[in-house]
Amino acid sequence: MKIKRMLSRNNCGGLVLPLVATIVVFIFLIGIAVLKVGFGGRYIAAMTSTQIAARSAADAGLTLALHEMNNTLWSDSALPSAGDVPLPNSRAYYSYSVAPNTVGGYTITSTGKRDGETRYVFAMTSRTLLWSYAIAVDGSLTFKPKTTIDTYPDAAGEVDIRTNSTVPGAVWLGPDTHIPGDIVVGPGGADDVVQVKASSEIDGQVYAADSTIDFPPVTVPADLLSMPLEDPCETGPWRITEGPHRYRYIDRKQGGTLTISGGVVSIYVEGTMQLGNGAKLEIENGSLLLYLGGDFTADNTSDIINATGEASRLRMYGTATCSKIVLRNSVAFYGAVYAPNADLYIHNSAASYGSFIGKTFEMKNSGEFYYDTRLGEMDPTSEPSFFQVQRWWER
Amino acid sequence: MYKKRTSRKWKPGFSLVELIAAVSAALVLILGIGIMLAHSQQGFNRMYKRVHSSVVEDAYSTRRTFDRVVRKATTQRCDLAPDGSELYVYYYRDPTHYDPTDPSTLTPDSYARFYVETGGKELFVEYGGNSSGRVRLARDVQMSASNGPLFSARGRTVYMALPLDNGKETMFVTSSAVRHNK
């Protein structure tokens, strides 16, 4: 009886507990749903950023592999490679390896990793001749008014001009100058790097490169370095024939003619080389490979005559100590100049045919410059070149 | 006995004041919980839209496709409509098939065309050459002069500035990718 009475008295608790329980369950379900949606959003964002970081790491690995290939000494038995290198300011890592491929180049495999995400980037590379550029410099480029630029021997081709510089005004085109191609400035360079005067035209685009050109230094061939020093002839006619020759300096006085004949003549001038007023350097046939240890100056009315009409038959290489090359031709100049540490001044009153690669370039007179496209067909393993990506894919 | 009977029959109830106080307290509690639930629902809806709305999904897939296609494109050529509403990029269907002595491997064999259908609001990518097909990337493109060109290019880089607006959600998707192939 007592129990019955107690039960009947306590049974009037009502609906409070079920009501509170329902509300708690309802809030709990909404909370779970909000968390799930929020988590989904964050998951997508986290996955995207992780994938981007992994991909950036793989891209960085590829860039570094290419840099190593262009700037370090390596051989097929010791190819560049790296493993799990941390990407600065990131939790991503990259690895890369280089292997020879079946078409005579090298294939880079770069792997980027970040928090379980892995991205692979591949690139087939091959050597690209620096002669493939009409004009390429590390610093400034100046074209005086009314400069004509074209290609040779076939006209109306594309002429690409390149600088590593990002300094405003580093490329200056005088009035009435026509560039039949692109002007490529250094990475990050803005429009103000190129200053174009009125009535000048650029057929292509002006844009920033994705990386600078690392101009490889000129190495004098061992056979030239081992040659005994010869005495230069300063006046009168002088003929140099096939084979390697080494001189402390060359100073052709007024009116003297230096004739190159025979097959391939290679000359290493340790010091300066000068052609005085009216002096001539004439390539009758064959080729001249001129290695310059010092500055090269051709005075007024001196002439460099390349009778072959092929720029590849006169190649001038400036070593690290060659800081200036001055040309003042009064007849057409056919030649290719590669002097990565030299300022190049072209005062030719006649047209120039070939390619100029240097530290800076200035075309003084309102002359004509024709890029000899045949230079781009030379053997890249024996000429100044750098590795460039030919094919690229990712996974 | 009388006392016992009286105490058993008399059941004490709530006074009016107690009832009003209890109901008021319950109302405040219910109101608070109601507002909280309504806010939660609104927050949920907002978050759901942000994650799953057509604008967001289109933005995500468009950016991914744009990146994937442009990154493998060749630097040889890239064509843009004068108003920037159309972009052609060219690529090698099989980039591993490369032989410098075989001219047929030196030019791209496929292309991708990104375009907004004339008068419409839909962005498509069309594959041609050795690839084929057409995929709709986005449904609510809002082209206007103030938004600038949809596509632009400079050097090896291609840019996309895609305004999306479905009437409820607005998003401006910007992306850039570097063309890697020669």
Förster-model FRET efficiency, 45 Å R0, A:Val16 and A:Tyr43, C-beta, rounded to 0.05:
0.70
Please compute the net charge surrounding A:Ile305, taking Lys and Arg as +1 and Asp and Glu as -1 over other residues with Cβ under 11 Å from its Cβ.
-2
Simple spin-label estimate for A:Ser349/A:Gln195, 7 Å along Cα→Cβ, in nm, reads 2.9 nm
Using Cα springs under 10 Å in a Gaussian network model of chain A, which residue among A:Ala190, A:Ala33, A:Ala222 shows the largest mean-square fluctuation?
A:Ala33
When only DSSP loop residues count, what trypsin sites (Lys or Arg not before Pro) in the range B:34-105 have their Cβ near at most 14 other Cβ atoms within 10 Å?
B:Arg93
Of the beta bridges DSSP finds with both residues in the protein assembly as shown, what % are antiparallel, to the nearest 5?
45 percent
Estimated vicinal HN-Hα couplings, Hz - the range A:179-195 in sequence order (Karplus 6.51, -1.76, 1.60; Gly, Pro = x):
10, x, x, 8, 10, 10, 9, x, x, x, x, 9, 4, 6, 5, 9, 9
Pulled fully out, how much extra length does the chain show between A:Glu234 and A:Val85, if you take 0.36 nm times their separation in residues and subtract their Cα-Cα distance?
47.8 nm
The range B:35-76 and the range A:215-267: distance between their alpha carbon centers, rounded to Å
69 Å
For B:88-99, mean number of other protein chain Cβ atoms within 10 Å:
3
Can you pick out the pairs among A:Lys280/A:Lys324; A:Lys359/B:Lys72; A:Lys144/A:Lys324 whose Cα atoms lie more than 27 Å from each other?
A:Lys359/B:Lys72
Rounded to 5, the percent of DSSP beta bridges in chain B classed as antiparallel
95 percent
Those helices of chain B passing the 15 Å axial Cα length cut-off and the mean Kyte-Doolittle cut-off of 0.0 (DSSP H runs only) are B:16-52
Using 1/(1 + (r/R0)^6) with R0 = 35 angstrom and r between the beta carbons of A:Ile30 and B:Arg139, what's the FRET efficiency to the nearest 0.05?
0.70
Report the residue, chosen from A:Gly286, A:Gly112, A:Gly38, that carries the largest GNM mean-square fluctuation when chain A is represented by alpha-carbon nodes joined by springs under 10 Å.
A:Gly38
May I ask you to evaluate 6.51 cos²θ - 1.76 cosθ + 1.60, the Karplus curve with θ = phi - 60°, for each residue of the range A:125-130 and list the ³J(HN,Hα) values in order in whole Hz, giving x for glycine and proline?
10, 8, 6, 10, 5, 5
What list of ³J(HN,Hα) couplings, whole Hz, do you get for the range A:341-350 from phi and the Karplus terms 6.51, -1.76, 1.60, once you set θ to phi - 60° and write x for glycine and proline?
10, 10, 7, 9, 10, 10, 9, 4, 8, 10
Name the residue, out of B:Leu16, B:Leu80, B:Leu37, whose mean-square fluctuation peaks in a Gaussian network model built on chain B with Cα pairs under 10 Å.
B:Leu16
Report the Cα centroid-to-centroid distance between the range A:324-371 and the range A:105-125 in angstrom, as an integer.
42 Å
Can you give the percent of C-alpha pairs in the protein assembly as shown whose distance is more than 35 Å?
56 percent
A:Ile52-A:Arg248 FRET efficiency (beta carbon distance; Förster radius 60 Å; 0.05 resolution)
0.55
Given H placed 1.01 Å from N in the peptide plane, which residues other than close sequence neighbours of B:Leu137 have an amide H under 5 Å from its amide H?
B:Leu123, B:Phe124, B:Val125
Computed [θ] at 222 nm, helices only, for the protein assembly as shown once each DSSP H run of length n ≥ 4 contributes -39500 (n - 2.57):
-8000 deg cm²/dmol
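Read-outs throughout are calculated quantities, based only on the coordinates presented, and are distinct from any laboratory measurement. These numbers come from a predicted model, not from an experiment. Positions of Cβ are generated from backbone atoms using ideal geometry, with glycine treated the same way; all protein chains shown enter the neighbour counts.
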